[in-house]
1. Kindly indicate whether Phe194 is more than 32 Å from the chain's Cα centre (by Cα), surrounded by 19 or more Cβ atoms within 10 Å (Cβ to Cβ) and more than 28 Å from His233 (Cα to Cα).
2. Given (1) among the aliphatic types (A, V, I, L, M); (2) surrounded by fewer than 18 Cβ atoms within 10 Å (Cβ to Cβ); (3) in contact (Cβ under 8 Å) with a residue 12 or more places away in the chain, where does Leu259 come up short, assuming only one miss?
3. Test each condition in (1) without any contact (Cβ under 8 Å) to a residue 40 or more places away in the chain; (2) closer than 26 Å to Val306 by Cβ; (3) open to solvent by 60 Å² or more (accessible area, probe 1.4 Å) for Ala212 and report the one that comes out false.
4. Does Ser146 fit the bill of being open to solvent by 10 Å² or more (accessible area, probe 1.4 Å) and under 14 Å from the mean Cα position of the chain (by Cα)?
5. If you scan the stretch 170-180, which residues turn out to be touching a Ser or Thr at 6+ places or on another chain (Cβ under 9 Å) and open to solvent by 10 Å² or more (accessible area, probe 1.4 Å)?
6. Looking only at the stretch 98-124, filter to residues that are of a type outside the set (D, E, K, R), on the phi < 0 side of the Ramachandran plot and open to solvent by 20 Å² or more (accessible area, probe 1.4 Å); which one of those is modelled with the lowest pLDDT?
7. Of everything in the stretch 298-332, what is over 19 Å from Gly101 (Cα atoms), open to solvent by 60 Å² or more (accessible area, probe 1.4 Å) and either among the acidic types (Asp, Glu) or assigned to a loop (DSSP other than H, G, I, E, B) (or both)? Give them in sequence order.
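The values are calculated or read from the model by the stated rules, or taken from the named source; none is laboratory data. Keep in mind that this is a model prediction, so the values were computed, not measured. We place every Cβ from the backbone using ideal geometry, glycine too, and count neighbours over all the protein chains shown. These area figures cover heavy atoms from the full protein model, side chains too; ligands, DNA and RNA do not enter into them. Shrake-Rupley method; radii C 1.70, N 1.55, O 1.52, S 1.80 Å.
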Amino acid sequence: MAGSGGLGGGAGCGQGAGAGPGAALRAPRAPLLLAALVLGAYCLCALPGHCPPASRVPMPAPAPAEPPCVARRPGAPVLPVASGPGRRRFPQALIVGVKKGGTRALLEFLRLHPDVRALGSEPHFFDRSLMPRTLDGQITIEKTPSYFVTLEAPRRIHSMSPDTKLIVVVRNPVTRAISDYAQTLSKTPGLPSFRALAFRHGLGPVDTAWSAVRIGLYAQHLDNWLRYFPLSHFLFVSGERLVSDPAGEVGRVQDFLGLKRVVTDKHFYFNATKGFPCLKKAQGSSRPRCLGKSKGRPHPRVPEAVVQRLRDFYQPFNRKFYQMIGQDFGWD
């Protein structure tokens, strides 16, 4: 993981009164002058005719070429590139969570904005070579939902750039857990029932060791993040409102990122078959497009008694989360 100390432009980039087009031409004279002085002193002290050929005089190694100076905005580290439009930057904003909350939908909606460049996949690592090139004024965004629940992620992101803006898409933790289970079940037929996994031995207390349950403990995960970032660096997006009012939620995100509200109601239509908003005009296309087949996947039937037990379990965690962020999502 690259720390922030290795990302800045550093002192010396364009510094000094002699900087300019002629400075690079004058720089090589110093090593040659030194070599000439050494050779002259040797010849004056040696016998006539015994002056060694210039090829035997050790020459000082040439100074390494300085890297090109790259303009950078405060809080937006960049990777210098030799050619091509734009630069690769570390992301100025991250969608850090949560899984099955609506992160993919938010990313696709934001990519409609001309000033947003986003990596389509989830790199799970801050690798500049993976980042898309951006022009001045554009924002680089990365999405990896596992960051929010990864213990080491806040420290690593803070060391990369303490000014990073953090977006968390949250959803009713009970619905989110069932959606998480549905995704796993689609890939692993024969999985035990939701009830068998959600409760110890299928009958006991809620099993917080199961990731589908643990992810929904938003207050606990946020506690870890607030050790490194102030609450003002976060925006919490409602996964439910991304479905019922996508333009409204995306508008809040655009405000948070300091972008003009370009993505509006005109970009969305509701697909009754999928039960999800779709794009009237997808990025780079003139045709409407919905998200992949995995979005809007039907959930398995879970007994109401099991759902109510989970609601009761999450209630104190939800209330603490509301208090921490000053926002009530109405899940209880």
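1. Spelling it out, it is not the case that Phe194 is more than 32 Å from the chain's Cα centre (by Cα), surrounded by 19 or more Cβ atoms within 10 Å (Cβ to Cβ) and more than 28 Å from His233 (Cα to Cα).
2. If we test Leu259 against (1) among the aliphatic types (A, V, I, L, M); (2) surrounded by fewer than 18 Cβ atoms within 10 Å (Cβ to Cβ); (3) in contact (Cβ under 8 Å) with a residue 12 or more places away in the chain, just (2) comes out false.
3. The number of the failed condition is (3).
4. yes
5. We begin by selecting, within the stretch 170-180, every residue touching a Ser or Thr at 6+ places or on another chain (Cβ under 9 Å); these are 170-171, 180.
Hit for the stretch 170-180 is Arg171, nothing else.
6. Looking only at the stretch 98-124, we keep the residues that are of a type outside the set (D, E, K, R), and these are 98, 101-103, 105-107, 109-110, 112-114, 116, 118-121, 123-124.
This time we only want the ones that are on the phi < 0 side of the Ramachandran plot, so: 98, 101, 103, 105-107, 109-110, 112-114, 116, 118-121, 123.
Applying the additional criterion that residues be open to solvent by 20 Å² or more (accessible area, probe 1.4 Å) yields 112, 114, 119-121, 123.
Values: Leu112: 93, Pro114: 93, Leu119: 68, Gly120: 62, Ser121: 59, Pro123: 56.
Ranking the qualifying residues of the stretch 98-124, first place goes to Pro123.
7. Correct list: Arg301, Glu304, Asp312, Gly326.
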